[in-house]
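Colleague: Let me begin by handing over the structure; questions about it come next.
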Amino acid sequence: MPEEAGFPPGKRFRPGAGPLRRAGSCPHGRRVVMLLTAGGGGGGGGGGRRQQPPLAQPSVSPYREAVELQRRSLPIFQARGQLLAQLRNLDSAVLLGSPLLSGHPGVPHWAGGDRSHEQDLPGHCQTPPRRLPLHAGPSALCLPALRPAAACLPGGPEDSGLEVLAVQRVSKTQAWQRTGRAGREDSGICYRLYTEDEFEKFEKMTVPEIQRCNLASVMLQLLAMKVPNVLTFDFMSKPSPDHVQAAVAQLELLGALENKDGQLTLTPIGRKMAAFPLEPKFAKTILLSPKFHCTEEILTIISLLSVDSVLYNPPSRRDEVQAVRKKFISSEGDHITLLNIYRAFKNTGGNKDWCKENFVHSKNMMLVAEVRSQLRDICLKMSMPILSSRGDTESVRRCLAHSLFMSTAELQPDGSYATTDTHQPVAIHPSSVLFHCKPACVVYTELLFTNKCYMRDLCVVDAEWLYEAAPDFFRRKLRASRN
């Protein structure tokens, strides 16, 4: 187990006190350093990157001088090149904050992310790093030399009715658990970059994810396994009845459920949806694609949405990135833009040099091809016709509108956007190709909650298509808004 910096044996929280070291616990010349923050912050930055919140500064404290001395002794510098050079001098280091995604502007992730940042670093940092084994978790990326492990939890405003990805503070239990990251390979020291007062404000335990996330997939799988009366299923961490009812209502709107004699059962299309390892709305998109003669294109789009972003945007080369991406950008939205990028990737035979020139993650694109192949095999087992729109993007957008009609937003008279179901204010994410546009109606696949709700992965649709997809749903919403 690592030592808590400045902690006496009773683990009393003393930020900034001098580090302890057990005799003989760490071989000479080796150090393990770990930096803990309270959790990820938010911002409207592109590519899903999240900025770290300002560090909490200690108030009046008898340890002020000790805190300042300890802060200056930390191996952290503003320059990225100096930081990397210092970390390479350590045998092992742990960096905990919010850089969960590859390509974070602070420290490159050599195991998975792009390495285009290297040319921005000083000359003494451009030596290629050694290959490192990668261990990934739901909220942690662990490397022997760099281990980011901040907590970013799905959730959002409890009274908004929105399904969003929000960045929340860690709980006390998570904070203590993450202390152990410094001791995975050897004895080490944990520095907490927040005060004891801030630590005491943390929740004791993290709310279980099943009580925060959308339960539509869970309900669909329980029904596929013929679990009797899923509404009263005995979960280990029981979600609220409202969440269960909302999931059932969503599945009913997608045509996956029917109520027979007071018993919920799957419809034929619901049984097919359960065969896909996807969210129900994406499974419905694939099942609807033969109707619009665009199965090939929909398989590609769903596969692209099922992996990490295939694009990276080095901050220092922003102008170059924008110039390169112009040939792929579609005014019809992000889905068609991603489709254009994948087609170009396949036309080059998956060339890695092409990926580098166009700022595309080659590994993620290869993963997209694997996911697409698996989804296509499932379609073939169902004897679905695999059709192509052959360049007719309107049919692709119609298909998306008929399956994502519950995730739509309309342009308001003041130039802002609001969701059509709950009328919550939302905004177009800066990473979207539609950021500088004002389409009248859009569908989105994700909401990111930071300082406000941002829509990501947008597609321009016609309001008439939405009404065709679910007339009863929009008729009820229209009646509710009038009342």
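The values are calculated or read from the model by the stated rules, or taken from the named source; none is laboratory data. Small disclaimer: the values here were computed from a predicted structure and weren't measured. Please note: Cβ atoms are built from the backbone with ideal geometry, for glycine as well, and neighbour counts cover all protein chains shown. Keep in mind that these areas ignore ligands, DNA and RNA; they rest on the heavy atoms of the full protein, side chains included. Shrake-Rupley method; radii C 1.70, N 1.55, O 1.52, S 1.80 Å.
Colleague: Go through region 262-311 and give me each residue that's open to solvent by 20 Å² or more (accessible area, probe 1.4 Å), assigned to a loop (DSSP other than H, G, I, E, B) and either within 20 Å of Asn364 (Cα to Cα) or in contact (Cβ under 8 Å) with a residue 40 or more places away in the chain (or both).
Modeller: Ala275, Pro277, Leu278, Glu279, His293, Ser306, Val307, Asp308, Ser309 - these are the residues of region 262-311 that are open to solvent by 20 Å² or more (accessible area, probe 1.4 Å), assigned to a loop (DSSP other than H, G, I, E, B) and either within 20 Å of Asn364 (Cα to Cα) or in contact (Cβ under 8 Å) with a residue 40 or more places away in the chain (or both).
Condition check ((1) in contact with a helix residue (DSSP H, G or I) (Cβ under 6 Å, 6 or more places away or on another chain); (2) not charged (D, E, K, R)) across all residues:
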residue	(1), (2)
Gln322	no, yes
Phe328	yes, yes
Gly333	no, yes
Arg343	no, no
Asn347	no, yes
Asn351	no, yes
Trp354	no, yes
Asn364	no, yes
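Colleague: Next question. Does Thr422 meet the test of being of a type in the set (Ser, Thr, Tyr) and either in contact with a Pro (Cβ under 6 Å, 6 or more places away or on another chain) or in a strand (DSSP E or B) (or both)?
Modeller: Answer is no for this residue.
Colleague: Okay, moving on. Please list, ordered by first then second residue, the pairs with beta carbon atoms under 8 Å, 6 or more apart or interchain, first in region 357-372 and under 27 Å from Ala283 (Cβ atoms), second open to solvent by 20 Å² or more (accessible area, probe 1.4 Å) and of a type in the set (Asp, Glu).
Modeller: Every condition considered, the pairs that remain are His361/Asp308; Asn364/Asp308.
Colleague: Quick one: which residue in Tyr417, Tyr454 is of a type in the set (Ser, Thr, Tyr), without any contact (Cβ under 8 Å) to a residue 40 or more places away in the chain and in contact with a Leu (Cβ under 9 Å, 6 or more places away or on another chain)?
Modeller: Of the residues listed, the single one that is of a type in the set (Ser, Thr, Tyr), without any contact (Cβ under 8 Å) to a residue 40 or more places away in the chain and in contact with a Leu (Cβ under 9 Å, 6 or more places away or on another chain) is Tyr417.
Colleague: Oh, and also: Quick one: which of Pro385, Pro425 is in contact with a strand residue (DSSP E or B) (Cβ under 9 Å, 6 or more places away or on another chain), under 27 Å from Leu253 (Cα atoms) and open to solvent by 30 Å² or more (accessible area, probe 1.4 Å)?
Modeller: After applying the criteria, what remains is Pro425.
Colleague: Taking the stated definitions as given, is Pro430 more than 22 Å from Ile302 (Cβ to Cβ) and without any contact (Cβ under 8 Å) to a residue 24 or more places away in the chain?
Modeller: No; evaluated as a whole, the condition is false for this residue.
Colleague: Look at Cys355 and say whether it is assigned to a helix (DSSP H, G or I), open to solvent by less than 30 Å² (accessible area, probe 1.4 Å) and over 16 Å from Cys294 (Cα atoms).
Modeller: So Cys355 passes the test.
Colleague: When you look at Asp234, is it touching a strand residue (DSSP E or B) at 6+ places or on another chain (Cβ under 9 Å) and outside any helix (DSSP H, G or I), yes or no?
Modeller: So Asp234 does not fit the description; no.
Colleague: While we're on this one: Restricting attention to region 311-321, and to residues there that are closer than 14 Å to Lys356 by Cα and of a type outside the set (Phe, Trp, Tyr), which single residue is farthest from the chain's Cα centre (by Cα)?
Modeller: Glu320
Colleague: Within region 168-199, count every residue that is in a helix (DSSP H, G or I) and touching a residue at least 60 places away in the same chain (Cβ under 8 Å).
Modeller: So the count comes out to 11.
Colleague: Scan (1) touching a Cys at 6+ places or on another chain (Cβ under 6 Å); (2) assigned to a loop (DSSP other than H, G, I, E, B); (3) within 16 Å of Ser331 (Cα to Cα); (4) not hydrophobic (A, V, I, L, M, F, W, C) for the single condition Pro430 breaks and write down its number.
Modeller: In the conditions (1) touching a Cys at 6+ places or on another chain (Cβ under 6 Å); (2) assigned to a loop (DSSP other than H, G, I, E, B); (3) within 16 Å of Ser331 (Cα to Cα); (4) not hydrophobic (A, V, I, L, M, F, W, C), Pro430 misses (1) alone.
Colleague: Do the conditions hold for Pro439, that is, is it in contact (Cβ under 8 Å) with a residue 24 or more places away in the chain and either farther than 21 Å from Phe282 by Cβ or open to solvent by less than 10 Å² (accessible area, probe 1.4 Å) (or both)?
Modeller: Here the answer is yes, as Pro439 does meet what is asked.
Colleague: Right, here's the next one. Return the pair list, or none, for Cβ contacts closer than 8 Å from residues in region 396-413 that are in a helix (DSSP H, G or I) to residues that are open to solvent by 60 Å² or more (accessible area, probe 1.4 Å), at least 6 apart or on different chains.
Modeller: Cys399/Lys291; Ala401/Asp462; His402/Glu468
Colleague: Hey, another quick one. Could you tell me whether Ile378 is crowded, with 16+ Cβ neighbours inside 10 Å, within 25 Å of the chain's Cα centre (by Cα) and either part of a helix (DSSP H, G or I) or among the aromatic types (Phe, Trp, Tyr) (or both)?
Modeller: no
Colleague: Something else now. Of all residues in region 211-234 being surrounded by 14 or more Cβ atoms within 10 Å (Cβ to Cβ) and more than 25 Å from Lys272 (Cβ to Cβ), which is modelled with the highest pLDDT?
Modeller: Filtering region 211-234 for residues that are surrounded by 14 or more Cβ atoms within 10 Å (Cβ to Cβ) and more than 25 Å from Lys272 (Cβ to Cβ), the one modelled with the highest pLDDT comes out as Gln211.
Colleague: Scan region 388-406 for residues that are within 22 Å of the chain's Cα centre (by Cα) and either aromatic (Phe, Trp, Tyr) or open to solvent by less than 20 Å² (accessible area, probe 1.4 Å) (or both) and jot them down.
Modeller: Leu400, Ser403, Leu404, Phe405
Colleague: Criterion first (crowded, with 18+ Cβ neighbours inside 10 Å, among the aliphatic types (A, V, I, L, M) and part of a helix (DSSP H, G or I)) does Leu466 satisfy it?
Modeller: Taking the combined requirement at face value, the residue satisfies it.
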